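Comments concern the structure below.
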Amino acid sequence: MKEIMQGNAAIARGAWEAGVKVAAAYPGTPSSEILKDVADNYPEIYAEWSPNEMVAVQVAAGAALAGARAMASMKHVGMNVASDALMTLAYTGIKGGLMIVVADDPNVHSSQNEQDSRNWARFGKVPMLEPGDAQECYEFTKASFDISEKFDTPVLLRTVTRIAHADSLVQTGKRVESKMPLGLDPKEAPKYVMVPAHVRPRRKAVEERMRKLEAFADKTKLNKMEINSKSVGIIASGSAYMYAKEVFPEYSFLKLGMVWPLPKKMIADFFKQVKKVMIIEELDPFFETEIKAMGYKIFHGKDIIPNMYELSPEIVEQAVKGKAYKAPKVRVKPEDLPRRPPNLCAGCSHRPLFYALKKLGAFVFGDIGCYTLAVAPPISALHTTICMGAGGGMVHGAMKAMGKDALGKMVAVLGDSTFLHSGLAPLMNAGYNKGNSTTIVLDNRITGMTGHQEHAGTGFTVRGELANQVDYAQIGKALGIKNIRYVDPYNIKETMEVVKEEMNRDEASLILCKDSPCMLLRRAKPLERFKNPLYAVNMDKCRGCKMCLEINCPAISWREGAGQTKDGQKRKGTAYINPDQCVGCEVCVQVCKFDAIEPAKK
Amino acid sequence: MKKDEKTTNIFLSGVGGQGAILASNILGEVFIRAGYDVKKAEVHGMAQRGGDVTTHFRFGKKVYSPIIKYGDVDYLLSFELLEALRYINWVKPDGKIVINTQEILPPSVSLGQMQYPKGVEDTFKKYFKNNVHVINGMGIAKDLGNLQAQNVVLVGAFSNFFPKIKEAYFIDAIKKLLAPKLHDLNIKAFEAGRKAL
Ligand SMILES: Cc1ncc(C[n+]2csc(CCOP(=O)(O)OP(=O)(O)O)c2C)c(N)n1
Ligand code: SF4
Ligand code: SF4
């Protein structure tokens, strides 16, 4: 039967049918649904959230070495973290099929950069497949495991947001168990111990494998030639193929399902069959550089197709048609309309914490998570976001550079999932290298931003089973941090005092937020910690000073209208708290200098 | 190209929490049952609520691109007035529009820095005349005793544009996608919406 499935769900399905036994991942948009789907629907597969992408790849590689089919999935930047493993796994090869899914995010819908993962395939000398819809996500996943075992190599499967997060029809089948026996063989050490004497023969094996893969690329049905018009032909893959096919169905196509290595003979044939060849690809001129290096002259490529952000049917059409493209009529200028930027939820514990940091005037070395939203005005209390874990290392470096002058001025802030992903080593460094930095861990008991995945600090596995829960204070102690403090972020004054003290201290410290679960984490009953379910603005007292608007709570709005307080103070308007949105976190109550915000009844 | 081979483009827009995703999932199940190829693409925002949500929904004999070409929308189904206006340029000159009258203030408006756009219906009518259909989904859902059912009310109203698609497909889809205890309410919501337009 055909079912409608998200691209990510189709990958999970394909993996299950291919007989996969082990799946590991660290969440990241747009890849997170793959592992969740595996965990929810396919009990035959062992599934785990690993603490980071490197561990996920190591786990999958170990399973493959033991003869099982295995996969790891991650977003594009996750591959940067996992790449150290990938680059050498490419030498050793695998035993059971090993697929690594890497999901790119052109146009950075939800990422810290925009990188083209096809480069990893060339750099790492491993094959890469790129599906263009859910059916292909499913088929290419299955093909990945066959290619992996046939050529003794890890295989990369690349998606982009518009493929990973698009739903379309998939014709599914049955699970077939892998026939490979499980087990390890110590005699194979020369293949798996990469010391120089072993590396050299493997290095040669990699090149030989590449040649075989090139021959395979010319034969595989993953690459397709569609000859229509003899005058113009387009070489494209994945999403770019879909957009180009949509707007220029009359042209010929060479659709590359295997994007590395390239099918040299097919390309030669395509150039023979059509007069002018255009290369339409999202992000880097990856095919273009290679095909030009093969000596071909192309009609168009990155001279007209943008090399950044994502493509779309109209961008492709406009690029190819040039002046002949007729833009639709503009009826309303969208830039004149109020935007709807994401905001921290009402009641989120990140809001009071960052308000406290702002009041302290701290320079905040931030990180990636929901809390990155603290960069937005009016809170504007986060000053760097580079990569996961960066803040802890950077604050240490800045303090070493500035010496005693830096005391009391700066802090690193990161979420719990981020801390476990890559925050431990920087903290260890501060403990070891006589650092005096302050690191705050926003422990909201979940990976918030990417849609609520469990991690080693939540006490649950991806399948909801009870698990060991990391003790952050003990970690800090073991890493040599002598000053470990807890704060209740909902108590702004106390938080400010503790943070100030630690920032001024000439020693490294770790501050942990306690009892501050994510508002959307039902199991932690986040609302129970609040005394009153609802607050309201007392119109007799509100002076209209707008202080409470500074916390950017979605429940608080401004109501224009001249008037006065009960005791005759003039005002231009008042604050209003929407009772449907207020959860009673009391942050605004602490901000109002006129005690105008009072408990109310739901 | 024959007329029935053409792909139809439906654009759904709303605010997180309004249930636009469920609405597009229902459409997905319906048009598959009717034998079409279907593609739909959502922009998944971050975990927090309150951002804008859009879905590109396409059906036809064979659909390639998961996203609609700018300016090629046949039907705009919007859950919120401002989120309708934001995509007005996407609609074809002869496109059809269903606008829900709910207003949800974005932060810049609630903080008093910007104005919520006025006369959204009139702006649409100026360009699309009789192809604009306005519905008070919230009011209908309120009468049914559950505000959450607003999304299915809107699907009911929208279903009128596809007289050849069996009503039973919609009912099947609702039953497939919702928990049994919600079936009655949502089927009623669908019927009420279908009558409202
Ligand atoms: C290397 C890398 N992997 C994954 C991501 C995706 N990602 C962004 S933030 C985040 C985790 C956020 O969780 P947490 O630190 O607990 O903060 P919260 O969102 O809960 O506030 C993840 C997984 C990324 N940006 N970079
Ligand atoms: S999802 Fe959780 S962590 Fe993210 S903004 Fe909402 S309450 Fe805060
Ligand atoms: S801080 Fe207090 S007085 Fe000032 S606007 Fe808000 S409720 Fe009114």
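Classify region A:530-599 as rounded, prolate or oblate from the Cα gyration tensor: take a ≥ b ≥ c as the square roots of its eigenvalues, call it rounded if a/c is under 1.5, otherwise prolate when a/b beats b/c and oblate if not. List each step's numbers first, then the result.
On the way: a/c = 1.95, a/b = 1.64, b/c = 1.19.
Since a/c reaches 1.5 and a/b is larger than b/c, the shape of region A:530-599 is classed as prolate.
If r is the Cβ-Cβ distance from A:Glu501 to A:Lys321 and R0 is 56 Å, what FRET efficiency results, to the nearest 0.05?
Working: r = 64 Å, r/R0 = 1.15.
Result of the calculation: an efficiency of 0.30.
On a 0 to 90° scale, report how tilted helix A:7-17 is relative to the longest principal axis of chain A, with both axes built from alpha carbons and the result rounded to the nearest 10.
With both axes taken from Cα atoms, the answer is about 60 degrees.
Any idea what angle helix A:196-219 forms with the longest principal axis of chain A, computed on alpha-carbon atoms, 0 to 90 degrees, nearest 10?
Here the helix axis deviates by roughly 70 degrees.
Tell me what chain B gives for mean residue ellipticity at 222 nm when only DSSP H runs of n ≥ 4 count, each as -39,500 (n - 2.57), the sum divided by the residue total, rounded to 500 deg cm²/dmol.
Details: 8 runs with 74 residues, N = 197.
Computed ellipticity for chain B at 222 nm equals -10500 deg cm²/dmol.
Excluding same-chain residues fewer than 8 positions from A:Lys191, which aspartates and glutamates have a Cα within less than 20 Å of its Cα?
Within reach: A:Asp84, A:Glu149, A:Asp152, A:Glu207, A:Glu208.
With a 1.4 Å probe and all protein chains left in place, how much accessible area per residue does region B:108-197 have, in Å²?
Values: 4830 Å² over 90 residues.
Roughly 54 Å² per residue, with all protein chains present.
Okay, which of region A:205-235 sit inside 13 Å, backbone N to the point 7 Å along the Cα-Cβ direction of A:Lys265?
A:212-221
Between B:Asp94 and B:Tyr116, what is 0.36 nm times their sequence separation minus the Cα-Cα distance? Round to one decimal in nm.
Numbers: separation 22, 0.36 × 22 = 7.92 nm, distance 2.68 nm.
Answer, rounded to one decimal: 5.2 nm.
Which trypsin sites (Lys or Arg not before Pro) in region B:114-197 sit in a loop by DSSP (not H, G, I, E or B) and have at most 11 other Cβ atoms within 10 Å of their own Cβ?
Filter output for region B:114-197: B:Lys118, B:Lys164.
Quickly work out the A:Leu466-to-A:Glu335 label distance, labels modelled 7 Å from Cα along the C-beta direction, and quote it in nm with one decimal.
5.8
How big is the antiparallel share of DSSP beta bridges in the protein assembly as shown, given as a percent to the nearest 5? Don't skip to the answer; put the middle values down first.
Working: 39 of 100 bridges.
Bridges in the protein assembly as shown that DSSP calls antiparallel: roughly 40 percent.
Against the longest alpha carbon principal axis of chain A, how many degrees, from 0 to 90 and to the nearest 10, is the axis of helix A:492-504 turned?
The angle comes out near 70 degrees.
Using the heavy atoms of the protein chains alone and a 1.4 angstrom probe, what is the accessible area of region A:350-527 per residue in square angstrom?
About 41 Å² of surface per residue is accessible.
Give, in nm to one decimal, the length gained when the segment between A:Asp146 and A:Lys212 is fully stretched (0.36 nm per residue of separation minus the Cα-Cα distance). Before the final figure, lay out each step's value.
Numbers: separation 66, 0.36 × 66 = 23.76 nm, distance 1.44 nm.
Here the segment from A:Asp146 to A:Lys212 would lengthen by 22.3 nm.
Which of the chymotrypsin sites (Phe, Trp or Tyr not before Pro) found in region A:547-602 are loop residues per DSSP with 13 or fewer other Cβ atoms within 10 Å of their Cβ? Walk me through the numbers before you get to the answer.
On the way: sites: A:Trp558, A:Tyr576, A:Phe594; in loops: A:Phe594.
Here no chymotrypsin sites (Phe, Trp or Tyr not before Pro) fit, given the DSSP loop and packing criteria.
Would you mind working out the magnitude of the charge dipole of region A:347-447 relative to its Cα centre, with +1 at each Lys and Arg C-beta and -1 at each Asp and Glu C-beta, to the nearest 20 Debye? Can you show the working numbers first?
Details: 8 positive and 4 negative charges, 55 e Å.
The calculated dipole for region A:347-447 is roughly 260 debye.
Over the Cα atoms of chain A, what radius of gyration and what Dmax do you get, in Å?
Taking only Cα atoms of chain A, I get Rg and Dmax of 27.5, 90 Å.
Treating only the Cβ atoms of Lys and Arg (+1) and Asp and Glu (-1) as charged, compute the dipole magnitude of chain A about its Cα centre; round to the nearest 20 debye.
Details: 80 positive and 67 negative charges, 161 e Å.
With only Lys, Arg, Asp and Glu charged at Cβ, the dipole is about 780 debye.
Please give the contour-minus-distance gain from A:Ser380 to A:Glu188: 0.36 nm per residue of separation, less the Cα-Cα distance, rounded to one decimal in nm. Show your work: numbers first, answer last.
Details: separation 192, 0.36 × 192 = 69.12 nm, distance 5.60 nm.
Gain in length upon complete extension: 63.5 nm.
With each pseudo-label sitting 7 Å past Cα toward Cβ, what's the B:Ile171-A:Gln474 distance in nm, one decimal?
Between B:Ile171 and A:Gln474, the label points sit 5.9 nm apart.
Taking a threshold of 24 Å on the Cα-Cα distance, which of the pairs B:Lys61/B:Lys92; A:Lys174/A:Lys255; A:Lys179/A:Lys255; A:Lys36/A:Lys95; A:Lys174/B:Lys175 fall above it?
Details: B:Lys61/B:Lys92 20 Å; A:Lys174/A:Lys255 28 Å; A:Lys179/A:Lys255 32 Å; A:Lys36/A:Lys95 26 Å; A:Lys174/B:Lys175 26 Å.
Among B:Lys61/B:Lys92; A:Lys174/A:Lys255; A:Lys179/A:Lys255; A:Lys36/A:Lys95; A:Lys174/B:Lys175, the Cα-Cα distance tops 24 Å for A:Lys174/A:Lys255; A:Lys179/A:Lys255; A:Lys36/A:Lys95; A:Lys174/B:Lys175.
Ignoring everything except DSSP H segments at least 4 long, calculate the 222 nm mean residue ellipticity for chain A; use -39,500 (n - 2.57) per segment, divide by total residues, nearest 500.
Values: 19 runs with 202 residues, N = 602.
Helices in chain A give a 222 nm mean residue ellipticity of -10000 deg cm²/dmol.
Take the cross-link list A:Lys302/B:Lys6; A:Lys302/A:Lys326; A:Lys566/A:Lys601; A:Lys323/B:Lys69; A:Lys2/B:Lys188 and give me the ones stretching past 24 Å between alpha-carbons. Don't skip to the end; give the middle numbers.
Numbers: A:Lys302/B:Lys6 30 Å; A:Lys302/A:Lys326 21 Å; A:Lys566/A:Lys601 22 Å; A:Lys323/B:Lys69 18 Å; A:Lys2/B:Lys188 29 Å.
Exceeds cut-off: A:Lys302/B:Lys6; A:Lys2/B:Lys188.
In Å², nearest 100, what accessible area do chains B and A bury in total when the solvent probe is 1.4 Å? Walk me through the numbers on the way to the answer.
Values: alone 10510 and 27130 Å², together 33150 Å².
Using a 1.4 Å probe on protein heavy atoms, the buried area is about 4500 Å².
Calculate, for region A:530-599, the solvent-accessible area per residue in square angstrom, rolling a 1.4 angstrom probe over the heavy atoms of the protein chains.
On the way: 3680 Å² over 70 residues.
Heavy-atom SASA per residue in region A:530-599 reads 53 Å².
List residues of region A:400-419, by number, whose backbone nitrogen lies under 18 Å from a label position 7 Å along Cα→C-beta of A:Ile484.
Inside the label zone: A:414-419.
Given points 7 Å out from each Cα along the Cα-Cβ axis, report the A:Phe363 to A:Asp580 separation in nanometres with one decimal.
4.4
The values are calculated or read from the model by the stated rules, or taken from the named source; none is laboratory data. Every value quoted in this text rests on a predicted model; they were computed, and no experiment measured them. FYI the Cβ positions are ideal-geometry reconstructions off the backbone, even for glycines, and counts take in every protein chain you see. Accessible surface is based on the protein model in full, side chains and every heavy atom, while ligands, DNA and RNA are left aside. Shrake-Rupley method; radii C 1.70, N 1.55, O 1.52, S 1.80 Å.
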